[in-house]
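Each value in this text was obtained by applying a stated rule to the coordinates, not by laboratory testing. This structure is a prediction, so every number in the text was calculated from the model and none was measured. Here the Cβ positions follow ideal geometry from the backbone for every residue, glycine too, while neighbour counts run over all protein chains shown.
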């Protein structure tokens, strides 16, 4: 479904990735771990064709990819519910489903608020609701759980795990516990690449 082969990227005069390769098959779950600035987000952006590598090749056969980045990317002129409904049929008929996803993430009361009226954590949950409502075959998550209190964190993690059960999942995280909870195989950054501990 998704394959990076010998990908290299240089950003701001720094070599971030060097001949980095990874393969994600349907149903696979992979977590990228490493220090800040090592290239986790760059890998995700390359997978989504938001960043072109300096060398190497990328193949993404996903039909319904969805992503949640560290910064929520909501449409500012649409309410929380309308942002979620945008990935459904964007019609009154699917608004109840959009509201259902917001309710699952504890946001039913915020459905009519615009992004500028939401806290950062609420905006991030709307982004998650939108991604999950899309029912992606590839879900890409860039540290999407920051700023959640413990009870809400557990609830959101369980929902993401259950709702993305049939999707391929690529996660960038600093938390090994988070990766394990989502059933991910962990790849750690080493010498410009992400590799399993046994490699």
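Summary table below
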{"read-out": "Kirkwood-Stokes translational diffusion coefficient of segment 43-168, alpha-carbon pairs, 20 °C, 1.002 mPa s, µm²/s", "value": "142"}
{"read-out": "Hull-based mean projected area of segment 89-138, where the convex hull spans the alpha carbons, in square nanometres", "value": "3.8"}
{"read-out": "Between 0 and 90°, nearest 10: helix 95-104 axis offset from the chain longest Cα axis", "value": "70"}
{"read-out": "For peptides 88-95, 53-60, sequence by mean Cβ density within 10 Å, most packed first", "value": "53-60, 88-95"}
{"read-out": "19 Å reach of a label modelled at residue 146, 7 Å along Cα-to-Cβ, counting backbone N of segment 101-115", "value": "none"}
{"read-out": "Computed FRET value (nearest 0.05) for residue 100 with residue 166, which takes r as the C-beta separation and R₀ as 30 Å", "value": "0.95"}
{"read-out": "Rounded FRET efficiency, nearest 0.05, which uses the C-beta distance separating residue 153 from residue 23 and R0 of 45 Å", "value": "0.90"}
{"read-out": "Cα convex hull of segment 102-199, projected area averaged across orientations, nm²", "value": "7.3"}
{"read-out": "Debye log10 I(q)/I(0) for segment 114-160, one point scatterer per Cα, at q = 0.22, 0.28 Å⁻¹", "value": "-0.82, -1.17"}
{"read-out": "Point-to-point label distance, residue 51-residue 70, nm (Cα→Cβ direction, 7 Å offset)", "value": "1.1"}
{"read-out": "Sites residue 3 and residue 109 - FRET efficiency at Förster radius 41 Å, r taken between beta-carbons, to 0.05", "value": "0.45"}
{"read-out": "For segment 1-109, diffusion coefficient by Stokes-Einstein and Kirkwood Rh (Cα), 4 °C, 1.567 mPa s, µm²/s", "value": "79"}
